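This report concerns only the one structure given below.
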Amino acid sequence: MLRALAVAGALAVVFGLAGCSLVGSSPKPAATSTAPSALASLVPTYPAKLTTATAKSGSVAAADAIQALIATSEIVHVDDQSTGFDTIDQGVAMEKLLVEAGWIERAENTSTSAYSVQLTTYTSAGVAALLIQADATPGAPPVILIELESPDLPKK
């Protein structure tokens, strides 16, 4: 008798659930945000009607929040100014001055949207290497990347 009641109870539960739809089974689910509110500042927000001022304020707010993830003791400089200079011209001018100062050009590559040069110099501690890359890709912000490698440390 107990077994019959257990089977009848299980069947009642199965039949009771058969009419329910699963969560998320809607043919047109609504978009939801899974980011916790504490992390919302890491994503830029803009109003429906975008202006130069609101685009700048939304971008700066997100950049500030992302920058805040970095230990402040590790930040050397933050450039939050819009720039309109020609990065390729800037890179070429830097390279010319560096060659005059004693750096030796090892490789150079220029296109309409990019420039890179590899330089070396000899010091009392050994060879130092410098890479300058300028990116002038249309539609992207102008960027100059400078990487300086010091001479190898002496082996112990």
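Summary of values
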item: Close pairs (8 angstrom Cβ cut-off, 6 or more residues apart or separate chains): aromatic (F, W, Y) in the stretch 107-119, surrounded by 10 or more Cβ atoms within 10 Å (Cβ to Cβ) and assigned to a loop (DSSP other than H, G, I, E, B) anywhere; result: Y115/A136
item: Test: residue in the stretch 13-26 that is modelled with pLDDT of 55 or more and either of a type in the set (G, A, S) or over 31 Å from the mean Cα position of the chain (by Cα) (or both); result: no
item: Neighbours by Cβ (under 7 Å, 6+ apart or cross-chain): first from the stretch 130-145, in the same structural domain as A101 (by TED's automatic domain parsing) and touching a residue at least 12 places away in the same chain (Cβ under 8 Å); second in a strand (DSSP E or B) and surrounded by fewer than 12 Cβ atoms within 10 Å (Cβ to Cβ); result: L130/L148; L131/E147; I132/I146
item: Among residues of the stretch 92-151, those that are crowded, with 17+ Cβ neighbours inside 10 Å, part of a strand (DSSP E or B) and hydrophobic (A, V, I, L, M, F, W, C), counted; result: 6
item: Residue in the stretch 80-90 that is within 20 Å of S41 (Cα to Cα) and either within 26 Å of the chain's Cα centre (by Cα) or of a type in the set (K, R) (or both) present; result: yes
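The values are calculated or read from the model by the stated rules, or taken from the named source; none is laboratory data. Note that this is a predicted model, so its numbers are computed, not measured. Methodologically, a virtual Cβ is constructed for each residue, glycine included, from the backbone with ideal geometry; neighbour enumeration extends over all protein chains shown.
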